[in-house]
1. Taking every eigenvalue of the Cα gyration tensor of the stretch 135-302, multiplying by 5 and rooting it, what semi-axes result, largest first, whole Å?
2. Based on the mean of other beta carbon atoms within 10 Å per residue, what is the order of 57-63, 5-11, most packed first?
3. HN-Hα J couplings of the stretch 53-58 from phi, Karplus 6.51/-1.76/1.60, θ = phi - 60°, integer Hz, Gly and Pro as x?
4. Just to be sure I understand, if you calculate Cα extents along the principal axes in Å for this structure, which of (1) 73, 45, 40; (2) 61, 42, 33; (3) 60, 41, 36 do you get?
5. State to the nearest 20 debye the size of the charge dipole of the chain about its Cα centre, where the only charges are +1 on K and R beta carbons and -1 on D and E beta carbons.
6. Residue-wise, which Karplus ³J(HN,Hα) couplings in Hz belong to the stretch 194-210, taking 6.51 cos²θ - 1.76 cosθ + 1.60, θ = phi - 60°, and x for glycine or proline?
7. Measuring from centroid to centroid over Cα atoms, what is the spacing of the stretch 209-269 and the stretch 79-153 in Å?
8. So if we plug the beta-carbon distance of V265 and A23 into 1/(1 + (r/R0)^6) with R0 = 25 Å, what FRET efficiency do we get, rounded to 0.05?
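Nothing in this text is a laboratory measurement; each read-out follows from the coordinates by a stated rule. Just so you know, these numbers come straight off a predicted model, no measurement behind them. When we count neighbours, we look across all protein chains shown, and the Cβ atoms used for this are built from the backbone with ideal geometry, even at glycine.
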Amino acid sequence: MAGPDGWPAEGCGCASCNRLRAAGIRHAPARVLVDGVPPAAHPRGRAVPGGHDVAGRLLVAGGPGQCPEPAPGAVYETVLLDLVGAPGHLGRLRRAGAVTDRTEIHALYVDHRVPSPAELERRTGFWSRPPGGPWRTVLLGGSRSGKSAEAELRLMGHPDVTYVATGPDRPDDAEWTARVEAHRRRRPDWWRTVETVDLPPLLESARGALLIDGIGTWLAAVMDETGAWEDPAAVAPRLDALVAAWRATSAQVIAVSDEVGLSLVSAHRAGRAFADALGRLNQRLVAESEEAALVVAGRVVELA
């Protein structure tokens, strides 16, 4: 159901609108009626912050970007949400118990904020997935490829997410601090954050979803701890323990990792040792995963 200006929007020259024009596709602006009348005028309808509730059975976003709050105690049969502009609200509603596995979920106000109908279908496939596990995903990519944003996007509809930061704390590095803050702003404020390199216990005990960002910084830390920069074999027990915990986890887990196979071979022994270890570890984790994908310039290539 398209946004107020339809899709493609008249006079808009963005890539999303142009793709639909080229395909001869036109989505008219959405019009929501309940028993023949708009939700706001329905006899059993009432305004809630960000939208409308109808009889505690239907929740409708009031407009693009709006996040309708559930009525107290309501468990909805159907929700119409702006999944393009505010996908994290679905996770919040699930967390509150207002949306369950029986709730019908529909995207409202779909427009050129998403690249294509196929991309929307891809995203909603992740958000409609049952929140249980085990389900393991590895997302690979280079620096600034968009792999972290893709990992966050896939879990926006989940009600119970722990973000696992494996990177070091660098309070004196302003550029690093800015990167970390940008990641935090993208994430829903109710996601928990754990900063650790002790991943096996988390994988063994987690029952919600884990987003591990990332495997490359984890490996660098454990190579420091084990002296593996000089003796690469010293890190092997830590790699084995991680793979075993990854295989045995009952959680839904997404791990972000660096794809080292596309870069130049380092001129330094330590750099080659790191690339070799991470490349082999990526292969082992992917072999134990239900999904894997490569992210390049923000575009996602699923790996069979």
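1. 23, 19, 17
2. Averaged packing, sorted descending, gives the order 57-63, 5-11.
3. Karplus values, whole Hz, x for Gly and Pro: 10, 10, 6, x, 10, 10.
4. After the calculation, the listed value that fits is (1).
5. Roughly 840 debye for the chain.
6. 10, 10, 6, 10, 8, 6, x, x, 5, 5, 6, 9, 5, 10, x, 10, 10
7. After rounding, the separation between the Cα centres reads 27 Å.
8. Plugging the Cβ-Cβ distance into 1/(1 + (r/R0)^6) gives 0.05.
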